[in-house]
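Just below is one structure, and these are the notes that go with it.
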Ligand code: AMP
């Protein structure tokens, strides 16, 4: 995979730069931003551009406003929060295209920052409409994409707009996502141990297939383990499974054998008589090696925790995506938190591949001990499937090296 150019490779001083960021932040009931991780994540790129004297025009989506103006989804509060983070004013424009946006961009001094209104107020954004892309591009003279979380979507601000702007490069956030999810798993320090969990095999089968070419060990937890157990003819009781994906699971098991990948399923489980997700209750519970009818697997058991922790302790590279059980309920969260601790305490390059594992590692209090936490849910999974993301594909590549690769 050839490397994309980044903001370090170009001089954008004095240029109006359209920077696609992911400011899709959550709000609490009082209308306050409840988690500013995404704003903080964009700061290195914004600060670099400020230092370079670029004129920074930030564009983002927020929520799902259904292609019309809906002030419930205005980005105005984000401009205020960003100004606080930067310690300097951030202009806000209530339009993202048209004369008002043009004027706001033209008024930017070198090193100035402007945030445009929610790009999803326009149908052209998600339709990746060339007319809308062209209008958005006409405000600026260069393009930076730093929104990894939406890089798997070919929308106007993540992809289409790049047809009309040059240079077009990645920000630091996308650069580190590509480095950790890409280079570090492409050429891993070995042993490379992958740990995958979550609800569905179907969501992650393509990831498993791709990682079977790279990993030394794959540890499976969560409900998806039970579809693999079905494929092996084992009893799974009432556990959550996808019977129509049993063939896929069987193919993955076959590939693992052919490739010599150590592919492990739970050897014991926490089983519950009646999982009620909404009420947060499990009914009666016990530890069981086989899951009898009337019982449902809700977490990996203590022997599995031990086994997986040992594998993780000797790893040199770890990639983790998906919880080991119903971690939202305390009693069935032990496996997930034990894995979080094992990942954090390992002496390895540790990569948390987005989604619920990010929540789990943060909740476990170990997030500062891992090497990298991906900001993308769907984008991380698509990338780990080996797909080129549209928002990355449109960026300029570093020109060919003198090696024998096919850049
Ligand atoms: P995913 O989005 O595929 O990573 O799945 C995350 C969800 O899987 C979480 O909400 C977990 O509660 C759920 N999950 C994990 N293990 C199980 C299990 N054994 N039974 C039911 N749900 C599970």
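Summary of computed values
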quantity	calculated
Overall Cα dimensions of region 292-399, principal axis frame, Å, largest first	56, 34, 22
Degrees separating the helix 334-345 axis from the principal Cα axis of the chain, which is the longest one	60 degrees
Pairs of Cα atoms farther than 14 Å apart, region 62-116, %	57 percent
Equivalent-ellipsoid semi-axes of region 246-350, from the Cα gyration tensor, Å, largest first	25, 19, 12
Using alpha-carbon coordinates, inclination of helix 246-259 to the longest axis of the chain, degrees	90 degrees
Region 189-376: relative contact order in percent, alpha carbon pairs under 8 Å with at least 6 residues between	22 percent
Helix-only mean residue ellipticity at 222 nm for the chain, each DSSP H run of n ≥ 4 adding -39500 (n - 2.57), per residue, nearest 500	-9000 deg cm²/dmol
Quarter of Cα convex hull surface for the chain, i.e. mean projection, nm²	21.0 nm²
Exposure proxy order (Cβ contacts within 10 Å, fewest to most) of 324, 248	248, 324
Among 35, 127, 213, residue whose mean-square fluctuation peaks in a GNM of the chain (springs only between Cα atoms under 10 Å)	35
Gap separating the Cα centres of region 35-97 and region 279-339, nearest whole Å	39 Å
Packing-based exposure ordering (other Cβ within 10 Å, fewest first) of 203, 276	276, 203
Fewest-first ranking of 43, 12, using other Cβ atoms within 10 Å as the exposure measure	43, 12
Principal axis box of region 19-106, alpha-carbon based, largest edge first, Å	37, 31, 18
Relative contact order (%) - criterion: Cα under 8 Å, at least six apart; region: the chain	16 percent
Quarter of the Cα convex hull surface for region 189-376, i.e. its orientation-mean projected area (nm²)	9.7 nm²
20 Å cut-off, amide nitrogen to a point 7 angstrom out along residue 127 Cα→Cβ, residues in region 53-71	60-62, 64-70
For region 172-261, alpha-carbon Rg relative to the globular expectation (2.2 N^0.38 Å, N residues)	1.18
Antiparallel bridges, percent of DSSP beta bridges restricted to region 15-136 (to nearest 5)	10 percent
Alpha-carbon centroid distance for the pair region 202-223 / region 136-193, whole angstrom	24 Å
Helix 37-52 vs. the chain, principal-axis angle (Cα, 0 to 90°, nearest 10)	40 degrees
Length gained when the stretch residue 293-residue 70 is fully extended (0.36 nm per residue, less Cα-Cα span)	75.3 nm
Convex hull (Cα only) mean projected area of region 90-132, reported in nm² to one decimal	3.3 nm²
Space enclosed by the convex hull of the alpha-carbon atoms of region 237-301, per residue, Å³	99 Å³
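Just so you know, all these numbers are worked out from the coordinates, no wet-lab data involved. All values derive from a computational prediction rather than experimental measurement. Positions of Cβ are backbone-derived with ideal geometry, glycine not excepted, and every protein chain shown enters the neighbour counts.
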